[in-house]
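One structure below.
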Amino acid sequence: MDLKYKRVLLKLSGEALKGENEIYDKEKLDEIVDQLITLANNNLQLGIVIGGGNIWRGKLASDLGIPQLNGDYMGMMATLMNVLALQARLNEKGYNKVIVYSALDVRTISSAYNFIEARQKLEEGYIVLFATGTGYGYFTTDTTATIRGIEIDADAILMAKNGVKGVYDSDPKVNPNAKFFEKLTYNDIVEKDLQVMDQTAAILAKNGNMKIEVFDMSGKDNLVKMAEGKLPSTTISK
Ligand code: UDP
């Protein structure tokens, strides 16, 4: 297998694991896990950040009379559940070189985050899972992905979307005439207020000169195709 990159930070949304009425869909989970194993066996170094939107998002807090910060910590814990689900399925399928780093202190089931060790583990063929976001409220997992991508010195962030092949000027699910962008700069994201990631993430990516590829994860083997450079995507760079 000819891969486009040697080391990537994959950003998955929690939604990618969601069933119709359940927080997890086994088929979706395993489709992702099978592709991760294929890529890792082909020597792609994989760091992964996953969101928590299938379980909880901080912005739901206000409806319950919960302050945003408390809600944000709940969101960070949701990302930990998703990481544990990925880890368990990777292990069950025989891929045991998996390490979980958590920004929040959850020592019984995760390791304390250390970027130098994380790089070493990637070199050794470990799939490195980053849980609990940045460990701070008022941030997102997009920002986490950018920070971790920079810290592990990834060649690119692969930002997975569900059902859209990249970035458009408006929502293509709503507007059939939405314009697709093949290439964008970090400034475009901020200035055009494109809804692909939050502005904090865009500015950090700019400062760290971290290339981002936005792609559609929802087709069969799309992650593998993306890693091989065989899928359309939007590239965000300088
Ligand atoms: N979150 C946070 N700090 C972080 C990362 C996440 O407070 O560094 C919280 C935030 O409340 C967010 C939730 O965790 O709504 C779940 O993450 P995200 O919304 O990024 O997941 P997605 O919607 O992409 O599945």
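Read the figures in this text as sums done on the coordinates, not as results from a lab. None of the values given here were measured: they were computed from a predicted structure. Note that we place each Cβ from the backbone using ideal geometry, even for glycine, and neighbour counts take in every protein chain shown.
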Response to the item:
Ordered by fewest other Cβ atoms within 10 Å, a rough proxy for footprinting exposure, Ser233, Ser170 read Ser170, Ser233
Discussion item. Need one number: nm distance between label points at Gln199 and Asn187, each 7 Å from Cα along Cα→Cβ, rounded to one decimal.
Written reply: 1.6 nm
Fill in: Residues in segment 167-200 that a label on Ser218 would reach, taking backbone N under 15 Å of a point 7 Å out along Cα→Cβ
167-168, 171-176
Discussion item. Neighbour counts of other C-beta atoms within 10 Å: give me Phe215, Phe181 arranged from fewest to most.
Written reply: Phe181, Phe215
Discussion item. Which of rounded, prolate or oblate describes segment 22-136 when judged by the alpha-carbon gyration tensor and an a/c cut-off of 1.5?
Written reply: oblate
Worksheet entry | Relative contact order (%) - criterion: Cα under 8 Å, at least six apart; region: the chain | 22 percent
Worksheet item: Sorted by average packing, counted as other Cβ atoms within 10 angstrom per residue and highest first, what order do 43-54, 158-169 take?
Response: 43-54, 158-169
Worksheet item: How about segment 94-159: which trypsin sites (Lys or Arg not before Pro) there lie in a loop by DSSP and see at most 10 other Cβ atoms within 10 Å?
Response: Arg107
Discussion item. At 1.567 mPa s and 4 °C, plugging the Kirkwood radius over alpha-carbon pairs of the chain into Stokes-Einstein gives what diffusion coefficient in µm²/s?
Written reply: 72 µm²/s
Discussion item. Using the alpha carbons of segment 98-137, what is the convex hull volume per residue in cubic angstrom, as a whole number?
Written reply: 57 Å³
Worksheet entry | Residue order, fewest to most surrounding Cβ atoms within 10 angstrom, among Phe115, Phe139 | Phe115, Phe139
Worksheet, complete the sentence: Length gained if Leu69 through Lys4 is fully extended, taking 0.36 nm per residue and subtracting the Cα-Cα distance, is 19.5 nm
Worksheet item: Among Glu182, Glu123, Glu27, whose mean-square fluctuation peaks in a Gaussian network model of the chain (Cα, cutoff 10 Å)?
Response: Glu27
Discussion item. List the residues, sorted by chain then number, that are 5 or more residues from Gly53 or on another chain and whose placed amide H is less than 5 Å from its amide H.
Written reply: Gly14, Glu15
